[in-house]
Structures are given as structure tokens and as C-alpha cells.
Amino acid sequence: MNFANELLKWETTTTSNVGIDLGFFKNKLTVAAEYYYADKKDMLFPVFLPLSAGGPDNASVTLNVGNMTNKGAELTVGYRGKTGKLNWRMNGTFSTNENEITKIDGDTDFLFTNDFGLVGRASDQSRVTALAVGREAGAFYLWTTNGIADTEEKLANYQLLDSNARMGDVMFNDNNPDGVLDDNDRVYSGSGLPKYEIGYTFSANYKSFDFSMNWYAALGQEIMNGFNAWSYGFGRHKDLLYQWSEANPVTPIPTYRQDIRNHRNFIGYSDLWLEDGSYLRLRQVQVV
């Protein structure tokens, strides 16, 4: 549900870019490069409303939340050649992009977004993204973990922070630190935006045969594994067979006590679900 906002104004974006295109050896080798910069003011963004605001679950309102810059560079290099009856061409691309929140309106430099959470039926326990000055839009802000309480000594120390903790529970870090685990203990944990993107295509033809392939790589981003968050959070993951218990005291898997809405061992906004999202993919291969 979205609430109306009569105070909205248009966001504005100022952009600039510079580029160059070069050709060598009768354009057998081509190079194209571009740098761009965008400055966005009064950015429009839907913001989550807590239940205390009087709305239903997942209610949001669109606000002019602040300012953001976006900058990056793109490089494309191509080469075509011929060897006997074989004609071939290859093309490589490289790009990098950075966006940064430079201002958040109001008395804060931090604002949770209205993402619907990693886990269905538990959005309040699994929202993971925020806007924060100095970080990219939609960055992950998470509780960090420090293993599980699998010895009496660890449990005794952790109970100074969480008096209800029991053997086999996850130990979360009091990052601010104030002796209380709450949203103030969430810390920047990367984002789903890749730092670098690389593409490569190759095509060749020989007589009546044609071959082509297309590769793509994205590097430097993180992902939140929503499947694991859901399956652990509702006690459905097969690896819970190996959870901590007195009969199985040597394991990295915390004890499942109640579902994610009633116990925080598998809370959705922790780094238990954070993974490296970098990948290399062969998008297409064709022989005709």
C-alpha cells in the first residue's frame, strides 16, 4: 500500500559525459571510451513506513529523500581479421559505475528502503537495504555474526548482551556498542551493484560455417541468498539435520528454535545469507 504525498516535487538530474572513438589499421582495430557523471537532486524514492505510523504491513510513501551522484566509465575495443578463408571478429567491453548518496533530507544520514524483505511472510524480519550518505543506493545493512554459542564460556559472555541466549544460538555483534541489539547495530555490508562489468564476443566464419560466442562477467557485488534465508527461517532446510545439539556439538549450523518471526537465530537481515555475487557466464554459443 502506498500513501499519497502532496509535498512531492520533481527530481532533477544534471548529466555530462565525454567520449572518444578511434580507428587504426583501416579500422581493423577500434577503440571507444566514455566517461559520464550525473548529479541527481531531490531523488524520489519509496520509503517503508513502520506499523507505528498507523498503516498496514508493507506500507510505503514516496518522498524526495535526498541527492545522489552517479559516475562511471565504459571502454570498448574491437578487432577484425582475416586468415586465409577464415574471417573473424572480437569485441571486448569494460565498464565501471559508482553511485553515492550525498545527502538525505531531514535529521538523518541513514534511511531504510521499502524492500519487501528476503523472506515472504516475514518482511519485518528480513528487510536488508538502506540509503546512507557516502554509500551506494540500496546498500546492504546487516547484523554481523560471530559464530554460535557452542561452549559454556562463549554462552556466558554472550549472555551479557542477550540474557535469553542458549547453547547453539547465533552470536550477533553489538556493533555500536550500547549493550542492546537493534537496528543501530546494522553495518554496511556491500551491495548488489557490481563494481566492474566485462563483456567479450567472438565470431568467425569459414566458407559456409559460422561460429559465435558471448561471455559476460560481473565482479565485486554481493547477493543475499533469499532461498537459504527462507528455508532456514521456517525450518525447511535439509542441513538443519546437522544443527547444533548436545548430541551434535561440533557444527557451524545454529539451533532452530522457532520460525524467523519469533526467534532471531535465522533473522533475515544478518550476514548469514551474504554471499559473493561475482560471476562469469557464457551467455550464448552458436554454430551454424
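In table form, for the structure just shown:
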quantity: Segments classed as strands (runs of 3 or more DSSP E), wholly inside the range 141-213, with at least 1 members that are of a type in the set (S, T, Y); calculated: 145-148, 196-206
quantity: Subset tally (residues that are assigned to a loop (DSSP other than H, G, I, E, B), crowded, with 16+ Cβ neighbours inside 10 Å and not polar (S, T, N, Q)) for the range 116-132; calculated: 6
quantity: E197 under 29 Å from F94 (Cβ atoms) and acidic (D, E); calculated: yes
quantity: Candidates L142, L86, filtered to the one that is loosely packed, with under 15 Cβ neighbours inside 10 Å and of a type in the set (A, V, I, L, M); calculated: L86
quantity: Cβ pairs under 7 Å, 6+ apart, first in the range 188-203 and at positive phi, second charged (D, E, K, R) and at pLDDT below 95; calculated: none
quantity: Those strands (runs of 3 or more DSSP E) lying entirely in the range 216-288 with at least 2 residues closer than 29 Å to D182 by Cβ; calculated: 222-224, 274-276
quantity: Within the range 220-240, tally of residues that are loosely packed, with under 15 Cβ neighbours inside 10 Å and within 18 Å of G147 (Cα to Cα); calculated: 1
quantity: Test: residue in the range 243-254 that is aliphatic (A, V, I, L, M), within 20 Å of F116 (Cβ to Cβ) and out of contact with any Leu (no Cβ under 8 Å at 6 or more places or on another chain); calculated: no
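The values are calculated or read from the model by the stated rules, or taken from the named source; none is laboratory data. Being a predicted model, the structure only gives us computed values, none of them experimental. Reconstructed Cβ throughout: ideal geometry from the backbone, glycine too, with neighbour counts over all protein chains shown.
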